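Note sheet for the following structure.
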Amino acid sequence: MSLTLYSHPFSSYCQKVLIALWENDIPFTYRHLEDPGAAEERAALWPLGRFPVLVDDGRTIAESSIIIEHLDLHHAGRVRLLPDDREAALEVRFMDRFLDNYVMTPVQKAVSEAIRAGGARKEEATAEARGALDTAYAWLEDRLSGRDWAAGERFTMADCAAAPSLFYADWVHRIGPNFPRLREYRARLLARPSFARALDEARPYRPYFPLGAPERD
Ligand SMILES: N[C@@H](CCC(=O)N[C@@H](CS)C(=O)NCC(=O)O)C(=O)O
């Protein structure tokens, strides 16, 4: 078995996959995208310009959710990130999609507008993201009722998606006291050792955050 992950510590989607790898102590080679030649190698493997990218014995796998599904299928450990039960797995996949599409996507848009064109649309894009996040937070607050983790009692792929999404979302638009379950859930994610490790490794890169990283977390 030989796994190589093209990754950057500050990237939310890379953190999502790193959590999955570290939950099960899966050995892999970390190809840091700032290392010489790594970005070019990644581009040759996956021309869509996005990361993370995993190579498993010569097979290229892209898209964070598919990488996690691949790990769960071929390198399963004690923490199963997708349940065998198809109905339960559907809820995991649904929550994973919700977190990527309705939490991380608005965050990414605000961040990219802050970088693009000297930040000309920064204020407008941040306001749009905050509106979208308010809707997502309210929906999650309701959905988390009676749940410790995103899809129920167990930690799954949906929590791998939730950790970086909610971590950065809170930086763009603070999760207010009117969403107590969501605040507690975010704190639970930050305390999970796999994500705590991802956060620690990303700490030196906080000055990269174009909207300004807060002095917390
Ligand atoms: N749908 C992709 C999204 C990956 C993604 O957007 N990654 C960001 C880093 S967090 C990226 O590649 N950014 C580079 C760019 O947009 O040029 C996934 O789930 O892997």
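Read the figures in this text as sums done on the coordinates, not as results from a lab. In this text the structure is predicted, and so the values were computed from the model without any measurement. Counting neighbours? That spans all protein chains shown, and the Cβs are built from the backbone with ideal geometry, glycine included.
For the chain, the longest piece that avoids every one of the GluC sites (Glu not before Pro) found in DSSP loops with at most 12 other C-beta atoms within 10 Å covers 35-152. For the chain, adding -39500 (n - 2.57) for each run of n ≥ 4 DSSP H residues and dividing by the number of residues yields -16500 deg cm²/dmol at 222 nm.
Taking a Cβ cut-off of under 9 Å around I19, the surrounding Lys, Arg, Asp and Glu residues balance to a net charge of +1, with basic ones at +1 and acidic ones at -1. FRET efficiency for the pair E123 and R206, taken as 1/(1 + (r/R0)^6) with r the Cβ-Cβ distance and R0 = 25 Å, rounds to 0.70. For the chain, a/c is not less than 1.5, where a ≥ b ≥ c are the root eigenvalues of the C-alpha gyration tensor, and a/b does not top b/c. That puts it in the oblate class. Above 17 Å, the calculated P(r) of the stretch 3-74 contains 33 percent of its Cα-Cα pairs. Using the Cβ-Cβ distance between D142 and E41 with R0 set to 45 Å, the FRET efficiency from 1/(1 + (r/R0)^6) comes to roughly 0.55.
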